[in-house]
Amino acid sequence: HLMATVLASYPETTQKIPFHIRDVTEHEWGAAARAASHGGSYGSMCMHALERDLGVPQDYIIPTMSCTSAMEATLLSLRKLGILKKNDKVLVPAYSFAANDNVLARNELEPIYVGCSVPSMHMNVSDAKVAIQQHPDVAAIVILDYAGAPAPRDLFDIAREHNLLILVDAAQGVGTVC
């Protein structure tokens, strides 16, 4: 009732307040387009750096605009190939970037939230084991590198032991060593 009263007291207000105002120049749009293209100078530079610094052959690199885009493309591909199916359960760290949840929802996958260890904020290994026991039909796990620190290797071992598909969000851990 309060909102209706407030709106009624300002009948001349018909313009919506924008959520955000885009302030992007043509130069920035051009730079983003070049970065997104495989042959763009920035994308090419990143691919060469990954190959040089991490030993990853360029044939295995797909440049994306963000880790979210990479996760979206990966999950969409896995769904289209039938490797992941509608309503499959995926273990995810309870402390994570919200975009991971959005990507799972768009791909009709069910997140199973697993507690995180303090202060590392990585998925807790013991909690992951319990979640797998409680959800024996879990299909995959999202392993998140956080704040420049790689996730515990034990999470990979647990995933392999239970034949889970491993999805790594390494946006904050590129170049770190496990």
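Tell me the per residue accessible area of the range 33-132 using a 1.4 Å probe; a whole number in Å² is fine. Present the calculation step by step, with values, prior to reporting the outcome.
Details: 5900 Å² over 100 residues.
Per-residue value: 59 Å².
Computed from backbone phi with θ = phi - 60° and the Karplus coefficients 6.51, -1.76 and 1.60, the 3J(HN,Hα) list for the range 146-163 is 10, 6, x, 10, x, 5, x, 4, 4, 5, 5, 4, 4, 4, 5, 4, 9, 6 Hz; x is used for glycine and proline.
Each peptide in 87-93, 166-172, 50-56 gets a packing score, the mean of other Cβ atoms within 10 Å over its residues, and the list from highest to lowest is 87-93, 166-172, 50-56.
Please state the shape class of the range 59-109: rounded when a/c is under 1.5, otherwise prolate if a/b exceeds b/c and oblate if not, all from the C-alpha gyration tensor.
Cα axes put the range 59-109 in the oblate bin.
Taking amide H atoms as placed 1.01 Å from N in the peptide plane, the amide H of Asp88 lies under 5 Å from those of Glu110, each 5 or more residues away in sequence or on another chain. Its alpha carbons considered, the range 48-178 gives a radius of gyration followed by a Dmax of 14.6, 44 Å.
The values are calculated or read from the model by the stated rules, or taken from the named source; none is laboratory data. Since we're looking at a predicted model, the values are computed, not measured. Here the Cβ is made from the backbone with ideal geometry for all residues, glycine too, and neighbour counts use every protein chain on show. What goes into the accessible areas is simple: the full protein's heavy atoms, side chains included, and nothing from ligands, DNA or RNA. Shrake-Rupley method; radii C 1.70, N 1.55, O 1.52, S 1.80 Å.
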